[in-house]
1. Looking at (1) within 13 Å of chain A (Cβ to nearest Cβ); (2) at positive phi, which is the only condition B:ARG141 fails?
2. Quick check, is B:PHE94 free of Cβ contacts under 8 Å to residues at least 40 places away in the same chain and facing chain A (nearest Cβ under 9 Å)?
3. Identify, from the list A:ALA7, A:ALA3, A:ALA17, the residue that is surrounded by 18 or more Cβ atoms within 10 Å (Cβ to Cβ), over 26 Å from A:LEU247 (Cβ atoms) and under 24 Å from the mean Cα position of the chain (by Cα).
4. Going through region B:208-219 one residue at a time, which ones are buried (at least 22 other Cβ atoms within 10 Å of the Cβ) and hydrophobic (A, V, I, L, M, F, W, C)?
5. Would you tally the residues in region A:190-249 being surrounded by fewer than 24 Cβ atoms within 10 Å (Cβ to Cβ), touching a Gly at 6+ places or on another chain (Cβ under 6 Å), within 14 Å of another protein chain (Cβ to nearest Cβ) and small (Gly, Ala, Ser)?
6. Which residue, of A:GLY196, A:GLY210, A:GLY249, is in contact with a helix residue (DSSP H, G or I) (Cβ under 6 Å, 6 or more places away or on another chain) and within 21 Å of A:VAL159 (Cβ to Cβ)?
7. I need the helices (runs of 4 or more DSSP H) fully contained in region A:1-120, keeping only those with at least 1 residues that are more than 22 Å from A:VAL159 (Cβ to Cβ) and out of contact with any strand residue (DSSP E or B) (no Cβ under 8 Å at 6 or more places or on another chain).
8. Given the condition in a helix (DSSP H, G or I) and under 22 Å from the mean Cα position of the chain (by Cα), answer yes or no: does some residue in region A:139-156 qualify?
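Here, each number is a calculation from the coordinates, and none is a lab measurement. In this text the structure is predicted, and so the values were computed from the model without any measurement. Here Cβ is always computed from backbone atoms with ideal geometry, including for glycine, and neighbour counts include all displayed protein chains.
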Amino acid sequence: MQAKWKAALIWLVLAVAGFYLINELIVVGVINAFIENMLVTIGINIILATGLNLIIGFSGQFSLGHAGFMAIGAYATAIITQQISNTLGFYLSLGVGMVIAMLVAVVIGIPTLRLRGDYLAIATMGAAEIIRVVINNLKITNGAAGMYNIPALANWPTVYVFVCLTTLMIVNFARSRAGRAIQAIREDEIAAEAVGINPTKWKLAAFVMGAATAAIGGSLHAVYIQTIAPSDFGIMQSISLLIIVVLGGVGSITGTFVAAIVLGVLDTALQQFGALRMVIYALALILIMVFKPSGLLGRYEVSIKGLLERKGGHHGTTDSHEVE
Amino acid sequence: MALLTVTKLSKQFGGLDAVADVDMHVDAGELVALIGPNGAGKTTLFNLLTGVTPATSGKVTLTTASGKVALLGKRPSDIAKLGLARTFQNIRLFSKLSVRDNLQAAMTHRYHENFFAEILRLPAYYKKEALVGGWTDALLREFDLTAVADLDAGNLPYGTQRRVEIARAAATAPRIIFLDEPAAGMNPEETAGLRELIEKLRTDFQLTVVLIEHDMSLVMNLAERIYVLDHGKMIAEGTPAQIQKDPAVIAAYLGGGVHA
């Protein structure tokens, strides 16, 4: 019980300290606009990839449709903030985007989550493509030209807070009754059914939850980049999120953080290499996969509570993980 | 009183009658064994009863506190909730989860946790987790698994994995437990341990046990009643002493034309 609260407090202190550190570095001038842009991109990628990791890593459903849900969030925000261009409008659009994304996830999930492995990947990819094509042809979304002049309603602190919130939400979900059910399905669906777990229900729950976080990421993307087009949410976007999940370690939220940061920094650092950039980037991916096939961190999670318990020498009986 | 009644249950795979017109019943508190040569349809029968494979025809009725319930056509997860738990011939553990999580994953239908209490870690969440933690600790002690509680189930020795699987079935709070060849691949010492464990399921957990097993000494010592299945048909039923003398059973095991 003691370790639980102590760990929560330490995570809170770390989160606040991180915030002030970035803030100070910006004031001092160490972090310029260029680096700040990198940090925000990393933050948005973390939000998107942790949601995808819940679907792929925890419930074991290989989804390639994450960009579709991201598009829903982004367009909800772009359209609503045209009418109400203030912070209130942004948070309203964020909620609307989440709700629509969750509804769409239910509609897509019920038929497709019966499929397994690569079949599911193709079906979800198709579903995301349908979302993109619909957006491409609607008047309200301004078709293929996309939407621009979206008001700048999010800066790095907004993204930072949302990274903390969505991570907390997903980690808590994964370390509860729901999380045990979806992980059991990942391990062995037949055995999970035999112990009273309804696979359809729980797979759908994880899928819908992942879709909601993707919509949050999309909304933040829209108000930060300020210009969106349907082509931003194609299969390549889904794959780049998948790369973050696989590289960090399927089923490790800490790994998703590490991979998003490593790839974000790598991407920025390589910009001076021009045409060689993608070659080096791809080479780095191949090398990591060859030498760390289960991702940078495998299934490892940072756990302050675990550290406290090990130091204190007494063993708790509750779950030993608590991230951020 | 019959807890589980099976009437004219059949399953055809293409032209093959894997299970044909099987009648059987299991009374509350009984230990029933199901034996038969390889390929007789024993595991298929288990799969039909627990809903893993849909039956072609027939009826399966479970007597519950609120009356009789027909089991055929229900999802396996709903059948499990009604109190039918099972183990698998080729162990199916959640290998990358700890033993503790394996047991807790089998308890999800025994309590409800509010979504917002979960993600916001409200007091209700901790109350529920403490409750489930208590159930788990008790089970771990009962099955002598406390020492390995935090290890991944897939890394345990074979005999221990069998024990975890039985403990996981018991974690669903069942009324009937179906054990599919629990002694397969065990050494004599482990088999002796298994025998104690099955006794424990009956005495401490008040469970009805249905057992598929090839280890005849185990079957003859434990079972009160035995069903014999051959080529999908129920060829004999009776006490161990009756079954040992039954000419049809001897013919099925040793081949026809044996005159005892």
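1. (2)
2. no
3. The match here is A:ALA7.
4. Answer for region B:208-219, where residues must be buried (at least 22 other Cβ atoms within 10 Å of the Cβ) and hydrophobic (A, V, I, L, M, F, W, C): B:VAL209, B:VAL210, B:LEU211, B:ILE212.
5. 0
6. A:GLY210
7. Fully inside region A:1-120 and qualifying: A:2-28, A:66-83, A:87-112.
8. Checked region A:139-156: at least one residue is in a helix (DSSP H, G or I) and under 22 Å from the mean Cα position of the chain (by Cα).
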